[in-house]
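What follows is a set of notes on a single structure, which appears directly below.
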Amino acid sequence: MKAGREVAMRVFAGEYRHATREYNDGGERSPSFLISPMGAKINRLFVAGTLTEVSTVGSDDDPVWRAKIVDGTGAFFISAGRYQPAAASVLSQIEPPQFVAVVGKGRLYSPDDSSHYLSIRPEAVKVIDQHERDIWVLQAARGLKVRIEAFQEAVRMETPDSKELISLGYPEHIAEGVTLAYQYYGEPDFETYQALLIRGLKALLPEYKQDYELEPGTFEEEEDEVDEEFQRTFLEMVEELSTGSRGAEISSIYEVGKKRGFSREDLENMLHYLLENGSLYEPQLGRVKIT
Amino acid sequence: MKKEELTPHVKDITRALENKENEVSEEEIEQELIEAIEKFEMTLSQAKRTIVKKHGGRASDLRTWIKLPLSELKDGDTGLELLCRVVYSSRKQIAGKSGDTKEIISGILGDGTTTRPFTAWKTTGVELNVGEVVRLKNAYVTDWRGEPQINIGDFTEIEKADSSELPSYSGSNSSGAMVEKKISEVDGSESNLGFTGKVLTVNRRTIVKDGAEKTFYYGLIADETATIPFSAWKDFSLSKGDVIRVEGAYATLWKDKPQINMSERSSVRVLDEDMQTVAPDFSLAGAVDSTIRDAGKASRVNVKGRIIAIEEREITGSSGTTRMKKGLIADETGKIGFTAWCDFPYKRGDALSISGARVKPWRNRPQLNIDDSSQVSAFTGELPSIEELDRPTKMDIDTILRQSGVIDGSVDGVVVDVKNGSGLILRCPECGRVLQSDGTCSTHGEVDGVQDMRIKCVLDDGTGTVNVVMDRQLTEKILGMSMDEAQKLAIEKRNFSVIQKEVEKKLLMKNVTIRGDVLLDDYGLSCYATDVSFLEVDVEQEARKLLEEVEA
């Protein structure tokens, strides 16, 4: 008797981006999971939000569609090529901004110990309406709330133990996710995730909506406030570090950028931004090149 | 005692005294023997020993065993020859005097006059199998709990006898050794018990013992004082509700509780009368009081619930056609399927108290089996109305998985996948299976396919997934078009898969509620939906509620 197909986790982008550890129980056909610091054990995801950008990379014969979906707490990156025909077909016809829902598998790319790129390989993408998106936010909030509570129980235990969490009534995948997260990351920053949860819920309520807008457009403006000075410096750095036609190593960009006084987070965000707006592309894993 | 019967014993005493100085004549010995028995009320055994000793002989030289029926055994009898049947026998270890252990065999012997407990103090080479008729020579009797007990000692010979040697027993001849008791007084030590009671339940079970099939019967009997389990190795044609007069039964302890056993030497008569009994105690049959939700945790339960569905079925098996009833019963905790193999004159809406129902798995879900070993009566206590109970049980998928499925469940979730083979399909007219992509049936080859519609999809609620199948009717409901319309559309577009695309448009990523039995198999949970509807969520209200909880 099996539990069947892997459940699709509803996780906010603000949490997913920190799911930088992979777990596999070592079984012959066991699936792999990404573990978030708040205990989400992710193989498959179900996410919804505003699709703000879509672009193609790769050749005309073998195009890969990339899209960015924002949920008010951060962004999800999805890419679909010939092995995801259903999703690619939807993405090729979509005109942002649109509310979309995506079901897919979590993907972590770590070119080195300190760089982590999280994306989703979509199995299905569909345009939805705002009400459906709102239901997703509610579900994601509910899921996060349960995990925060489970984690709070876990840290009260001498040794966090999934069996004990299950006996307290938590579903198995939450109990296991929380226990693994504790092993990998230690005690989480509860306040940050509590804030994420409250932010998600307030965006659904008219009395707070002005402060926590999730609509397409308004969010875009926020995102567009990019420090042009930093952008120029970044691109110069890429040029400097490029060797021949192969572009610059991402890890050395981070290294050099750090020496010049930029935080790791800012560097990562800028890299994503420039990749998304097409100023940079990745000729090979772990390297970027100016287009 | 007749004079002729004494003659062999007179000769035995004479022989035992053969080499003594003072010869005693057979006539003298006969006189003394008669006097001892008649005047001094000695048993033959005591009398023989007394006379041998009086003349300077040894009792151990006596060789002619005294044949007695078990009902006439008295404490102190020795040198007995007993023809009896082993009613019950078991080997056990007892603590010896110096702390070591010693093996003995103890059990019950019977001969048609009564049953008596026995102990065999030697076990090497001794076989006393239940049902066998044996002849014991030189056995002796001691007192055990105020009753004669047969002892098989080092000098006792055991001979196997033919079972025809033992006349069959007729209970009415039962001797005074039988004790009459109320069921509450039975303590498990009775070897010859008489009582009157009412059969509450009776079950039949055939087991293979020593290569042979044996059938035994067991169940519960009650009188006005208590309920007690019984077992019978003989078919007394007992039926539930019979009031019976039993004589010559014996009692034993089973898991520290007394139990009545009826053997070939018991007489059982069905009385033509009814009897008031105590409230039956089905816990004696291992039944525990349970809610319907938790029924699967026990093998026998007492539950209270209301019938929400019932239908009659005819089942044709190897042993002919049986009529039975099948349905669903519910209380406020859930629903459970049941089958009734006995008289079950109830209808939808009836509130019942079912005692001693057996719980058996059916498609990985527990089901109640109600038969003559169960007791069903109308329940007059509080139960929700049929309308309230006839709602599906709302659950999240993780909970359903943990309890291996749910009967008539309701699950909210998102359709995360619509499988190929949804929409318009062709079925084999013979077997109903969906035709392969080349239009043939895997069993019946080339056939004229019958048009049908269905949806196969995956429902995911964030705690787990269920494979859902929806039939034509539900597919029409989702599509908002009839099968004829769907067919027209497919022909117009020259593509049957256009209907699957329509299903995806309507269903994929949507929040829906499905209703149906959710069952667990090797591929996970699956559900043939009986209903589906799009979920309505009051986002603001629920967000506000959640926010309050978080900020609290």
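The values are calculated or read from the model by the stated rules, or taken from the named source; none is laboratory data. All values reported here derive from a predicted model rather than from experimental measurement. For neighbour counting, all protein chains shown are included, and Cβ atoms are generated from backbone atoms with ideal geometry for every residue, glycine included.
Sort out which residues of segment B:214-229 are closer than 16 Å to B:Leu271 by Cβ and touching a strand residue (DSSP E or B) at 6+ places or on another chain (Cβ under 7 Å), and write them in order of number. Matches in segment B:214-229: B:Ile221, B:Ala222, B:Asp223.
Close Cβ contacts (under 8 Å, 6 or more residues apart or on different chains) running from residues in segment A:243-259 that are on the phi > 0 side of the Ramachandran plot to residues that are part of a helix (DSSP H, G or I) and not basic (Lys, Arg) comprise A:Gly247/A:Val238.
Tell me, which helices (runs of 4 or more DSSP H) wholly within segment A:103-219 include 3 or more residues that are touching a Gly at 6+ places or on another chain (Cβ under 8 Å) and within 12 Å of chain B (Cβ to nearest Cβ)?
Numbers: elements: A:130-156, A:162-167, A:172-185, A:190-202.
Of the helices (runs of 4 or more DSSP H) lying wholly inside segment A:103-219, those with at least 3 residues that are touching a Gly at 6+ places or on another chain (Cβ under 8 Å) and within 12 Å of chain B (Cβ to nearest Cβ) span A:130-156, A:190-202.
Taken over segment A:246-271, the residue count meeting the criterion of being β-branched (Val, Ile, Thr) and more than 22 Å from A:Gly74 (Cβ to Cβ) is 1. Those residues that are surrounded by 15 or more Cβ atoms within 10 Å (Cβ to Cβ) and touching a residue at least 60 places away in the same chain (Cβ under 8 Å), I need them from segment B:343-363; list them, please. Residues satisfying the conditions are B:Ser355, B:Gly356, B:Ala357, B:Val359.
Residue by residue, here is whether (1) among the aromatic types (Phe, Trp, Tyr); (2) more than 46 Å from the chain's Cα centre (by Cα); (3) crowded, with 16+ Cβ neighbours inside 10 Å; (4) more than 14 Å from chain A (Cβ to nearest Cβ) holds:
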{"position": "B:Val414", "(1), (2), (3), (4)": "no, no, yes, no"}
{"position": "B:Asn420", "(1), (2), (3), (4)": "no, yes, no, no"}
{"position": "B:Gly423", "(1), (2), (3), (4)": "no, yes, yes, yes"}
{"position": "B:Gln436", "(1), (2), (3), (4)": "no, yes, no, yes"}
{"position": "B:Thr440", "(1), (2), (3), (4)": "no, yes, no, yes"}
{"position": "B:Val450", "(1), (2), (3), (4)": "no, yes, no, yes"}
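When segment B:14-30 is examined, which residues are found to be over 8 Å from B:His55 (Cβ atoms), in a loop (DSSP other than H, G, I, E, B) and not polar (S, T, N, Q)? Break it down stepwise before answering.
Looking only at segment B:14-30, we keep the residues that are over 8 Å from B:His55 (Cβ atoms), and these are B:14-16, B:18-19, B:21, B:23, B:25-30.
Then drop every residue that is not in a loop (DSSP other than H, G, I, E, B), which leaves B:18-19, B:21, B:23, B:25.
Within segment B:14-30, B:Glu18, B:Glu21, B:Glu23 qualify.
From A:Ser79, A:Ser89, A:Ser30, grab the single residue that is more than 14 Å from chain B (Cβ to nearest Cβ), more than 16 Å from B:Gly462 (Cα to Cα), without any contact (Cβ under 8 Å) to a residue 24 or more places away in the chain and of a type in the set (S, T, N, Q). Only one candidate qualifies: A:Ser30.
Of the set (1) modelled with pLDDT under 85; (2) under 18 Å from B:Ala222 (Cβ atoms); (3) exposed (fewer than 15 other Cβ atoms within 10 Å of the Cβ), all apply to B:Ala287 but (3). Residues considered: B:Ser45, B:Ser25. Of these, the only one that is surrounded by 12 or more Cβ atoms within 10 Å (Cβ to Cβ), small (Gly, Ala, Ser) and either in contact (Cβ under 8 Å) with a residue 60 or more places away in the chain or not assigned by TED's automatic domain parsing to the domain that holds B:Ala161 (or both) is B:Ser45. Among the residues of segment B:458-477, those that are surrounded by 22 or more Cβ atoms within 10 Å (Cβ to Cβ) and either more than 14 Å from every other protein chain (Cβ to nearest Cβ) or not hydroxyl-bearing (Ser, Thr, Tyr) (or both) comprise B:Leu459, B:Asp460, B:Asp461, B:Gly462, B:Gly464, B:Val466, B:Val468, B:Met470, B:Leu474, B:Thr475.
In segment B:128-154, what count of residues is obtained for those that are on the phi < 0 side of the Ramachandran plot and modelled with pLDDT under 85?
To start, the set of residues in segment B:128-154 that are on the phi < 0 side of the Ramachandran plot comprises B:128-130, B:132-137, B:139-144, B:147-154.
Right, trim to modelled with pLDDT under 85 and you get B:129-130, B:132, B:144, B:147.
Looking only at that region, the number is 5.
Only residues that are touching a Pro at 6+ places or on another chain (Cβ under 6 Å) and more than 14 Å from every other protein chain (Cβ to nearest Cβ): list them for segment A:92-102, please. Steps first, answer last, please.
Within segment A:92-102, the subset touching a Pro at 6+ places or on another chain (Cβ under 6 Å) is A:97, A:102.
Matches in segment A:92-102: A:Pro97 only.
Count of segment B:327-354 residues, restricted to those that are of a type outside the set (D, E, K, R), part of a loop (DSSP other than H, G, I, E, B) and under 21 Å from B:Pro392 (Cα atoms), is 2. Scanning segment A:186-204 for residues that are surrounded by 14 or more Cβ atoms within 10 Å (Cβ to Cβ), touching a residue at least 24 places away in the same chain (Cβ under 8 Å) and out of contact with any Pro (no Cβ under 9 Å at 6 or more places or on another chain) turns up A:Gln194, A:Leu196, A:Leu197, A:Arg199, A:Gly200, A:Leu201, A:Ala203, A:Leu204. Out of (1) buried (at least 21 other Cβ atoms within 10 Å of the Cβ); (2) within 17 Å of A:Ala40 (Cα to Cα), what's the single condition that is false for A:Gln183? All conditions are met except number (1). Listed by position, the strands (runs of 3 or more DSSP E) contained in segment B:355-471 that have at least 1 residues being in the same structural domain as B:Leu507 (by TED's automatic domain parsing) and at pLDDT below 90 are B:405-418.
Considering segment B:31-64 alone, what residues qualify as being farther than 14 Å from B:Leu6 by Cβ and not in a helix (DSSP H, G or I)? Result: B:Lys39, B:Phe40, B:Glu41, B:His55, B:Gly56, B:Gly57, B:Arg58, B:Arg63.
Mind telling me which of the residues A:Asp129, A:Asp134 ends up being surrounded by 20 or more Cβ atoms within 10 Å (Cβ to Cβ), at pLDDT 90 or above and within 24 Å of A:Leu204 (Cα to Cα)?
The match here is A:Asp134.
Which of the residues that make up segment A:144-178 are buried (at least 21 other Cβ atoms within 10 Å of the Cβ) and either acidic (Asp, Glu) or farther than 15 Å from A:Leu34 by Cβ (or both)? Reasoning before the result, please.
So in segment A:144-178, the residues buried (at least 21 other Cβ atoms within 10 Å of the Cβ) come out as A:144, A:147, A:150-151, A:154, A:160, A:165, A:170-171, A:173-178.
Across segment A:144-178, the qualifying residues are A:Leu144, A:Ala150, A:Phe151, A:Ala154, A:Pro160, A:Leu165, A:Tyr170, A:Pro171, A:Ala175, A:Glu176.
Among the residues making up segment A:44-68, those that are under 14 Å from the mean Cα position of the chain (by Cα) and closer than 22 Å to A:Leu285 by Cα are A:Arg66, A:Ala67, A:Lys68.
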